[in-house]
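What follows is a short report on a single structure.
The values are calculated or read from the model by the stated rules, or taken from the named source; none is laboratory data. Quick caveat: nothing in here was measured; it's all calculated off a predicted structure. Don't worry about glycine lacking a Cβ; one is built from the backbone with ideal geometry, like all the others, and counts go over all protein chains shown.
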Amino acid sequence: MASIDYSKLRVLVVEDDAFTRDLIRKVLKDIGVRSLSESANGKDGLMEVVRTRPDIVFCDIHMAPMNGRQFLQAVRGIKVKDVNRTPVVFLTADADISHVRFAKEHQVNGYLVKPISLTKLRDAIDLAIGNANANAQREQEGVAENGLS
């Protein structure tokens with residue numbers, strides 16, 4: 001897998017707890033992320049996804065008025081080219097099996113149980129971005145093989 005230049009990533013953090021949002025922002029800056037957007041709930045986060053087109057989103061599950069599950073479904077339903085494929089990593093304080101099952105069924109790109117750490121955050125970025133890049137490459141190769149390029 002190719003090395004990721006964190007300084008070029010656009011990251012969105014959707015988290016209702018200001019302390020946790022601040023902690024995630026600091027950790028992301030520590031690993032080199034420079035372009036960072038934040039939202040305090042899923043509804044505002046959805047608008048931010050469309051506006052900023054982040055490379056990856058870290059999203060809490062338990063929020064109002066739109067929780068993380070609703071946010072993920074809304075992102076996957078966006079009809080703007082490639083926005084619906086934005087990698088989303090869930091953040092949660094619990095590892096409830098129903099959340100894990102939902103995450104798998106709705107194409108979540110990662111699942112981190114709080115408290116987060118620099119290593120866990122970096123690994124989640126590497127995995128989600130690496131998989132997204134690999135999927136895009138496979139799709140490009142499929143288009144080229146079918147003579148549709």
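Taken over the range 101-119, residues that are under 21 Å from residue 27 (Cβ atoms), in a loop (DSSP other than H, G, I, E, B) and not polar (S, T, N, Q) amount to 4. Selection of the range 17-51 for residues being out of contact with any Phe, Trp or Tyr (no Cβ under 8 Å at 6 or more places or on another chain), crowded, with 16+ Cβ neighbours inside 10 Å, within 19 Å of residue 109 (Cα to Cα) and among the β-branched types (Val, Ile, Thr) yields only 49.
Go through the residues of the range 54-72 one by one and say whether even a single one is within 13 Å of residue 14 (Cβ to Cβ), in a helix (DSSP H, G or I), among the aliphatic types (A, V, I, L, M) and in contact with a strand residue (DSSP E or B) (Cβ under 6 Å, 6 or more places away or on another chain). Looking through the range 54-72, at least one residue is within 13 Å of residue 14 (Cβ to Cβ), in a helix (DSSP H, G or I), among the aliphatic types (A, V, I, L, M) and in contact with a strand residue (DSSP E or B) (Cβ under 6 Å, 6 or more places away or on another chain).
Any chance you could count how many residues in the range 1-52 are polar (S, T, N, Q), part of a loop (DSSP other than H, G, I, E, B) and under 16 Å from the mean Cα position of the chain (by Cα)?
Number of matching residues: 1.
Scanning the range 73-88 for residues that are closer than 18 Å to residue 15 by Cβ and either modelled with pLDDT under 90 or assigned to a loop (DSSP other than H, G, I, E, B) (or both) returns 86, 87.
A search for C-beta distances below 6 Å between a residue of the range 56-70 that is over 19 Å from residue 23 (Cα atoms) and any residue that is among the basic types (Lys, Arg), counting only pairs 6+ apart in sequence or on different chains, returns 65/43; 66/43.
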